[in-house]
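The values are calculated or read from the model by the stated rules, or taken from the named source; none is laboratory data. Note that the structure is predicted; figures quoted are calculated from it, not measured. Cβ placement follows ideal geometry from the backbone for every residue including glycine, while neighbour counts extend to all protein chains displayed.
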Amino acid sequence: MVAAKIEKIAQDIKTMRIRGAGRIARAAARALKIAAKESQAKTPAEFSSEMKRASKILLETRPTAVSLPNAVRYVLLGLKQTHGADIWTMKKAVISRADGFIKNSLEAVKKIGEIGANRISNGDVILTHCNSECALSIIKTAFKQGKNIEVYTTESRPVWQGRLSARELLKEGIPTTMIIDSAVRHFIRDVDKVIVGADSIAANGAVVNKIGTSSIALAAHEARVLFFVAAETYKFHPETLVGRLVEIEERDPSEVINLRRFPGLKVRNPAFDVTPPEYVDLIVTERGIIPPYAAYAIIKEIFEWNPGERIQQTGDKLRPLI
Ligand code: RUB
């Protein structure tokens, strides 16, 4: 019964019924809370292995957004903190850390909106890509502050997340124009600022986000349009400190084309791409605004990492991420 609930959440992440790095992270925390709450384990060891099994199922869903392993790591720290205690204490710790993660995550999105909105001026035309709750939080907050802004949103093929953004923006009454992904360079001179979210941010400040983000960054760079990234600190990727590359998810060709009608056609469908730090003007986090090159310092601080240490050890003493 519990396993079925975890599987259902994992399946929803895989099929993108639950999508977006922040929402995926909160869904994982919620899944671990359910696993802890409904566990029938008889011993602490049994409880620990149940939690680890549930984590494994969640971690195998989508590989790119580091918010997912970071959320799991944050919640499971409850097990380490209560090592040697009874099951009841362990359960309580896991549940309370899951609740804590979800609460902090929602607060971070709001805070990013407030901090980022300070950088939006009256009359700005903003371009956004995909559907990022952090990017939209900035746009919505600026609009609520009475700034007269306008938004361009891309379609974000092949899954059309731009339609979600368009709906959200229109609901707030924000003037919104949709463009096809390949029209970005055509319109970039009408734009004052680009704001996108992130699935992972590497130690060198490179930003992994929805496929197409790096081409938008390139066009913005060429046209001297500011390029902002909005991301909670749990989107920073600890393992990139020691050279790990962020895995780019490649999804099913059926999202792009009906292959039955094109026998023999090869299709590549990467869901994300990497924008180098030189194309990013700033990153808005819930702790404040940083230049992309400060990503190293943020990761080092958050994960209490010192050069030479193995990241796994660092993960053990991981303190609250947000
Ligand atoms: C979503 C995407 C979003 C980031 C940030 O991709 O690339 O820009 O996840 O979103 P997908 P948020 O739709 O494939 O999950 O700010 O909401 O965490």
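Quick look at the values:
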{"item": "Helices (runs of 4 or more DSSP H) fully within the stretch 84-193 counting 2 or more residues that are under 23 Å from Gly20 (Cα atoms)", "result": "87-117, 133-144, 161-171"}
{"item": "Flag for Ser200 being over 20 Å from Lys140 (Cα atoms), in contact (Cβ under 8 Å) with a residue 12 or more places away in the chain and hydroxyl-bearing (Ser, Thr, Tyr)", "result": "yes"}
{"item": "Number of positions in the stretch 21-60 that are in contact with a Leu (Cβ under 8 Å, 6 or more places away or on another chain), under 14 Å from Tyr74 (Cβ atoms), more than 16 Å from the ligand (Cβ to nearest atom) and of a type outside the set (S, T, N, Q)", "result": "3"}
{"item": "Count - residues of the stretch 165-182 that are touching a residue at least 24 places away in the same chain (Cβ under 8 Å) and either surrounded by fewer than 19 Cβ atoms within 10 Å (Cβ to Cβ) or away from the ligand (no atom under 16 Å from the Cβ) (or both)", "result": "11"}
{"item": "Unmet criterion (only one of (1) outside any helix (DSSP H, G or I); (2) touching a Lys or Arg at 6+ places or on another chain (Cβ under 7 Å)) for Val208", "result": "(2)"}
{"item": "Selected residue (criterion: surrounded by the fewest Cβ atoms within 10 Å (Cβ to Cβ)) from residues of the stretch 232-260 that are within 16 Å of the ligand (Cβ to nearest atom) and of a type in the set (S, T, N, Q)", "result": "Ser254"}
{"item": "Test: residue in the stretch 270-281 that is touching a Gly at 6+ places or on another chain (Cβ under 9 Å), closer than 21 Å to Arg19 by Cβ and modelled with pLDDT of 95 or more", "result": "yes"}
{"item": "Any pair with Cβ under 9 angstrom, 6 or more apart, that starts in the stretch 1-25 at a residue that is on the phi < 0 side of the Ramachandran plot and ends at one that is aromatic (Phe, Trp, Tyr)", "result": "Ala21/Tyr234; Gly22/Tyr234; Ala25/Tyr74; Ala25/Phe101; Ala25/Tyr234"}
{"item": "Pairs where the first residue, in the stretch 128-148, is over 19 Å from Ser200 (Cβ atoms) and touching a residue at least 40 places away in the same chain (Cβ under 8 Å) and the second is away from the ligand (no atom under 13 Å from the Cβ) and assigned to a loop (DSSP other than H, G, I, E, B), C-beta under 9 Å, 6+ apart", "result": "Ile138/Arg119; Ile138/Ile120; Ile139/Ile120; Ile139/Ile149; Ile139/Glu172; Ile139/Ile174"}
{"item": "Complete set of residues in the stretch 143-157 that are within 16 Å of the ligand (Cβ to nearest atom) and buried (at least 18 other Cβ atoms within 10 Å of the Cβ)", "result": "Val151, Tyr152, Thr153, Thr154, Glu155, Ser156"}
{"item": "Flag if Lys144 is under 23 Å from Glu286 (Cα atoms) and over 23 Å from the mean Cα position of the chain (by Cα)", "result": "yes"}
{"item": "Test: residue in the stretch 262-269 that is assigned to a loop (DSSP other than H, G, I, E, B), crowded, with 16+ Cβ neighbours inside 10 Å, modelled with pLDDT of 95 or more and of a type in the set (Gly, Ala, Ser)", "result": "no"}
{"item": "Residues of the stretch 1-33 satisfying the condition of being in a helix (DSSP H, G or I), under 22 Å from the mean Cα position of the chain (by Cα) and among the aliphatic types (A, V, I, L, M)", "result": "Ile6, Ile9, Ala10, Ile13, Ala21, Ile24, Ala25, Ala27, Ala28, Ala29, Ala31, Leu32"}
{"item": "Filtered residue count, the stretch 53-67, keeping only those that are under 15 Å from Glu249 (Cα atoms) and of a type in the set (Gly, Ala, Ser)", "result": "2"}
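Per-residue answers, yes or no, for (1) over 16 Å from the mean Cα position of the chain (by Cα); (2) of a type outside the set (D, E, K, R); (3) closer than 19 Å to Val151 by Cβ:
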site: Ile201; (1), (2), (3): no, yes, no
site: Ala206; (1), (2), (3): no, yes, no
site: Ala219; (1), (2), (3): yes, yes, yes
site: Ala223; (1), (2), (3): yes, yes, yes
site: Phe228; (1), (2), (3): no, yes, yes
site: His237; (1), (2), (3): no, yes, no
site: Leu245; (1), (2), (3): yes, yes, no
site: Glu249; (1), (2), (3): no, no, no
